[in-house]
Amino acid sequence: MLEISKSKFSRVVLACCHKDGNLSNNHPRNLAALCQWCHLDTDRDWNRHQMKITVQMRRSLGDLFTGPYVRW
């Protein structure tokens, strides 16, 4: 029998995930409550794409003010 004193409790925060990826479609059938780990896993491809865009935007701002981007 499991003793409560040996159990470990943790708090899980749920995030709202849009199943079709459209952030403006808030119909209840399009929404899913996922833990943060599952939500990140579901949106992995979109997050990588956004990261690439962010890096490119930062590099282009560097071109405007300090010349071409030079990697380390």
Going by a ≥ b ≥ c, the root eigenvalues of the Cα gyration tensor, does the stretch 16-55 fall in the rounded group (a/c under 1.5), the prolate group (a/b larger than b/c) or the oblate group?
oblate
How many nm is it between the label spots at Val13 and His49, if each spot is 7 Å from the Cα in line with the beta carbon?
2.5
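Each value in this text was obtained by applying a stated rule to the coordinates, not by laboratory testing. If you're wondering where the values come from, they're calculated on a predicted model, not measured in any experiment. Methodologically, a virtual Cβ is constructed for each residue, glycine included, from the backbone with ideal geometry; neighbour enumeration extends over all protein chains shown.
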